[in-house]
1. Please compute the modelled spin-label separation between residue 142 and residue 188, points set 7 Å along Cα→Cβ, answer in nm with one decimal.
2. Give me the net charge of residue 235's neighbourhood, meaning all other residues with Cβ under 12 Å from the Cβ of residue 235; Lys, Arg count +1, Asp, Glu -1.
3. Distance in nm between label sites at residue 70 and residue 171, each 7 Å beyond Cα in the beta-carbon direction?
4. Per-residue HN-Hα couplings for segment 378-389, Karplus 6.51 cos²θ - 1.76 cosθ + 1.60 at θ = phi - 60°, whole Hz, x for Gly and Pro?
5. Which of the pairs 36/96; 130/187; 135/167; 187/415; 52/72; 127/305 have their Cα atoms more than 18 Å apart in this structure?
6. Let me know the charge dipole size of the chain about its Cα centre in debye, to the nearest 20, where only the beta-carbon of Lys, Arg (+1) and Asp, Glu (-1) is charged.
7. I want the local charge near residue 72. Using Cβ-Cβ distances under 13 Å, sum +1 for each Lys or Arg and -1 for each Asp or Glu among the other residues.
8. With an 8 Å Cα cut-off and a minimum separation of 6 or more residues, compute the relative contact order for the chain in percent.
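Throughout, read-outs are computed from the coordinates displayed, never taken from laboratory work. Worth saying up front: this structure is predicted, and the values here are computed from it rather than measured. For neighbour counting, all protein chains shown are included, and Cβ atoms are generated from backbone atoms with ideal geometry for every residue, glycine included.
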Amino acid sequence: MIDIKLIRENPELVRTNAKNRGYDVTILDKLIDLDKKWRAYKLEDDTLRSQKNKFSESINQAKKNKQENEAKKLIDEAKKVGEKLTANEQSENTLKAEMDDLISRLPNIQSPESPIGDETKNKEVHKKGKIQSIKNPKGHLELMEALDIIDMKRATKIAGAGFYILKGKGAKLQRALVQYMLDFHEKNGFTEINPPQMVNRKSAFGTGNLPKFDDQLYKTNDELIMVPTAEVPVTNIYADEILNEKDLPMRFCAFTECYRTEAGRKAGEEGLFRLHQFEKVEMVYLCNPEESYDMLEEMTGNAEKILENLEVPFRRIWLSTGDAGFASAKTYDLEVWSPGMNRYLECSSCSNCTDFQARRMNCRVQGKNGLRFLNTLNGSGIALPRLMIAIIENNQQEDGSIKIPKVLWPYTNFKEIKAGKKRD
């Protein structure tokens, strides 16, 4: 959530930011108008409270002096002031609720260096890893079905489109990736969290998933929300709390299932692509405001190191103002190379959310600079489906087998996946 003080003092910055990010600027106009009315009520109410206090003193003095008629007159006038104050406070509260709703719909302020525009303005920062020349590369689904390590047909029978079943070494490969990534993060100073995979609406609001993405979330009968990412429960751990500066930064990692409606699947995006349920290891940082942009580089570097260790070609993209997430001030995407699709696929998105989420969660830090909202960051470290796509497609052999990256051998206990007897 943006600081209302910033909106009052620099509305053009907020207006330009909303415009650059593709948001409706009339929200800001309505907010500014309501804020003026709210502050007018608040100023008048402060005056009315002062008058009420003075009437109370005068009434007591009149009664003390046995001036009954004067006391009655003062009581009648005080009653009118009280009634006016009550009516004003109701209007004030109504305006405040409308303001809170509008301000919750304004996106975070993007860093001034971010590329301005839609996704066509995204900036490639660098590429890493060599793209191998593969003659007539097959897609991951064809490869996995031939190896009998995936079953899309029966997953659809069980749950519908957008779900999958991994089998045998396919399931073990994914489990190995999860364990490898959690171990990697633990060695780099992260605390592993096993969080709830359902959250309340307050928590979803805290990270910016509500109200903007309400139609993209899966909900239970009692209005709990299935987590779209571990970012939501982990970032909210210290909501409504004050942390000590000496305890920051905090680094967390968590493995969860993720649930999203994920509409918009296109032709050629079958298999492990645009799923309603998928697995991901997430990174979350809580830090002092001064260090959040350095933390973003560290976080993105951690995700890149995992891809390097897995020997997967990838690139880093700096997202434009119109493509970055709602809560983000700056975002890097990591995209892995897919020989089957002949293009890069996003597998990690690392964002500095500055104090945007902390304001919504009321999460603050006490230190030498006083009491302030801390900064939050989140990043995929890494999402499994597209990482699986990249590993399978980039390691395909002419005989249809799949080589396993060396770093995973201790976790899989096999170095390749070969075709065996298929069970129909």
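1. Going by the 7 Å Cα→Cβ label model, 3.5 nm.
2. Once positives and negatives cancel, what remains is -1.
3. 8.9 nm
4. 9, x, 6, x, 8, 5, 6, x, 6, 5, 4, 4
5. On the way: 36/96 11 Å; 130/187 27 Å; 135/167 27 Å; 187/415 24 Å; 52/72 15 Å; 127/305 13 Å.
Exceeds cut-off: 130/187; 135/167; 187/415.
6. On the way: 67 positive and 65 negative charges, 79 e Å.
Approximately 380 debye in magnitude.
7. On the way: positive: 63, 66, 73, 79; negative: 68, 70, 76, 77.
So the surrounding residues net to 0.
8. Value for the chain: 20 percent.
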